[in-house]
Amino acid sequence: MTDRSAPSPASHRTPAARPAASVPGGGPGRRRVLPYLLVLPGVAWLVLFFGLPLVQLAAASLYDPTGSLSTGYVFAWAFGNYPDALATYWPHLARSFGYAGLALLLALALGCPLAYAIALRAGRWRNLLLVCVVAPMFTSFLVRTLAWKTILSDQGWLVGLLRDVHLLAPDGRLLATPFAVVLGLTYNFLPLLVLPLYASLERLDRRVLEAATDLYADPLRTFLTVTLPLAKPGLVAGVLLFFIPASGDYINAELLGSPNEYMVGNVIDSAFLVRLDHPQGAALSFLLMAAVLGLVVTLLRHTRGEGSPALDGGAR
Amino acid sequence: MRPAAGPATPAPRSAPLSGRVARWLVDRWVVGVALLVLGYLLLPIAVVAALSFNQPTNRLSYDFHRFTLDNWANPCATRDMCDAVVRSVQVGFLATLVATVLGTMMAYALTRHRFRGRSGIGLLVLLPMATPELVLGTSLLALFVAAGAPQGFWTVVVAHVMFCLSFVVVTVRARLAGMDRRLEEAAMDLYATEWQAFRRVTLPLLLPGIAAAALLAFSLSFDDFIVTNFNAGTTVTFPMYVWGAAQRGIPPQVNVVGTAMFALALLLVALTSLPRRPSRPHR
């Protein structure tokens, strides 16, 4: 199935060379309107329920903080909400990026060998192994995180084993520690890092690697100078797909951590749903988004021109 | 395919011995680490499956106490949980339907037509995927509060359509971009209207891509917690139920649902991956 879907001759772009375009019922006038009609409902949905809400969130972050949900909020250009929120909750924001960053490093250490082994060493087991990689996504996010709670619990076999070999103090625990939260984050988002990385490794031409070996490069040098640069687009896509949800996650911190491990998501959740302090929740949301967006732009700018497969969709 | 080794290299097929040893070690090491990582990925699933056959001593206990089939025999022993699963299926079905139709239309226009604003719309579609889910959730909450819209079932559906839409467009677009465009052009050269060409040629070829997009949308919707949590009001979906129950101790039937989902997804993958081999222009 080497379907070489070659770009068709440029003729189809010029209506004159294309009789079908002027067939009755499909006149040139209609053809110009058609794409707009097709994208209109989807664009309207995104503008109404993605764009407009962001504007509203921005407005909410500038509400007068003395208002409340019951008495009504007043829009007041209250930029002070941002430094106020930052002053109180900077540890949570720092923890979000700290834990997500640690989880990312761990995920890279685990995911790179995995993607490499599946792409270049798995042979006929490749598809089965790929299914194993996405298997965690097949069960519910919350259910599999609760399974970690079981595994890491104080009465569990893992804690017992670690205490027996003195890797853990007799009263030491795994649950409600930063370690548990980072482990959970790594676990839950690892497939998102491995898949794009695998895709770009699988696509690379093995003969290039053989050439490096034939030219007396040792494995490390081959990896650093040939494999890694060729896999970079997949690596960047994987890092983004991992880091964006990991830094905004608060399920792992809630289920596997304690209030000492709470991330910015936990604070935002309680600001909107428990404490009903909308201006503060909105300001923190924007701080999170700005930080994430900054990261995305920086990473993509560094790899511009190489095209990251996950983020530019099928635009080939 | 052997590289042309000049007369200066007496051993044409081998790197130095130290290099070969290093390569052998690296290979074993990589495969070993990969298997350990796979174990890490599969361990919680095994725990969920095991706990679905567990008869717990009390609600807060997660230890494996005694083997039983009761949980599978009575999945609805906890009424609330079953209601939540049904609610999630309803939301997932509606969100998938709307997102798949709108997303397919967009993907078709974006790949098969050139028009002003095309690249801008392509970017707009990708933005929700680059936005933290938390922000998608809180911003919709802010909108619904400002508009005075009561939160509940329908606000959840609206939110789910929004984030599923991007994934549908990307999935269908990838399929369309890999399809042979000349087939559609041939149909139109034979005086098919664009609609006829789409209906008779494009759509049948595109169907696997649309099905994949719909499955992806459903699984995203069914499993979503963060966006739902901010917009559900008092509506309880399955993830919302698990979240609430996690504080009081979860019934073992939650693990039954988790295991059943896993089995179902595995079955779907097995069924769909047998005949399919995506065309890849690189080989």
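The values are calculated or read from the model by the stated rules, or taken from the named source; none is laboratory data. Not measured: the values here are computed from a predicted model. For neighbour counting, all protein chains shown are included, and Cβ atoms are generated from backbone atoms with ideal geometry for every residue, glycine included.
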Under 8 Å by Cβ, and 6 or more places apart or on different chains, what pairs join a residue from region B:232-251 that is closer than 14 Å to A:PHE141 by Cα with one that is surrounded by fewer than 15 Cβ atoms within 10 Å (Cβ to Cβ) and charged (D, E, K, R)?
B:TYR241/B:ASP80
What residue, of A:PHE223, A:PHE243, is touching a residue at least 60 places away in the same chain (Cβ under 8 Å), aromatic (Phe, Trp, Tyr) and within 11 Å of chain B (Cβ to nearest Cβ)?
A:PHE243
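Which of the following residues is surrounded by 20 or more Cβ atoms within 10 Å (Cβ to Cβ) and at pLDDT 95 or above: A:TYR63, A:TYR99, A:TYR116?
After ruling out the rest, the residue left standing is A:TYR99.
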Within region A:226-244, the residues that are surrounded by fewer than 24 Cβ atoms within 10 Å (Cβ to Cβ) and either of a type in the set (S, T, N, Q) or in contact with a Phe, Trp or Tyr (Cβ under 6 Å, 6 or more places away or on another chain) (or both) are A:THR227
If you go through A:ALA115, A:ALA147, the only one that is at the interface with another protein chain (Cβ under 9 Å from one of its Cβ atoms), part of a helix (DSSP H, G or I), among the hydrophobic types (A, V, I, L, M, F, W, C) and within 22 Å of A:ALA237 (Cα to Cα) is A:ALA115
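Considering B:THR68, B:THR96, which residue is under 21 Å from the mean Cα position of the chain (by Cα) and more than 8 Å from chain A (Cβ to nearest Cβ)? Lay out the reasoning, then the answer.
Working: B:THR68 fails: under 21 Å from the mean Cα position of the chain (by Cα).
Among B:THR68, B:THR96, only B:THR96 is under 21 Å from the mean Cα position of the chain (by Cα) and more than 8 Å from chain A (Cβ to nearest Cβ).
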Helices (runs of 4 or more DSSP H) contained entirely in region A:153-251, each with at least 2 residues that are under 15 Å from the mean Cα position of the chain (by Cα)
A:178-203, A:228-248
Counted residues, region B:225-251 - those being facing chain A (nearest Cβ under 8 Å) and in a loop (DSSP other than H, G, I, E, B)
2
Search region B:99-128 for residues being touching a residue at least 40 places away in the same chain (Cβ under 8 Å) and polar (S, T, N, Q), and hand back the single one that is nearest to the other protein chains (Cβ to nearest Cβ).
B:THR111
Limited to region B:167-201, what total is found for residues that are in a helix (DSSP H, G or I) and either within 8 Å of another protein chain (Cβ to nearest Cβ) or more than 15 Å from B:GLY103 (Cβ to Cβ) (or both)?
24
Matching residues in region A:53-80 - criterion: being touching a strand residue (DSSP E or B) at 6+ places or on another chain (Cβ under 7 Å) and part of a strand (DSSP E or B):
A:TYR63, A:PHE75
Return yes when B:TRP154 is more than 7 Å from chain A (Cβ to nearest Cβ), closer than 30 Å to A:GLN56 by Cα and without any contact (Cβ under 8 Å) to a residue 60 or more places away in the chain and no when it is not.
yes
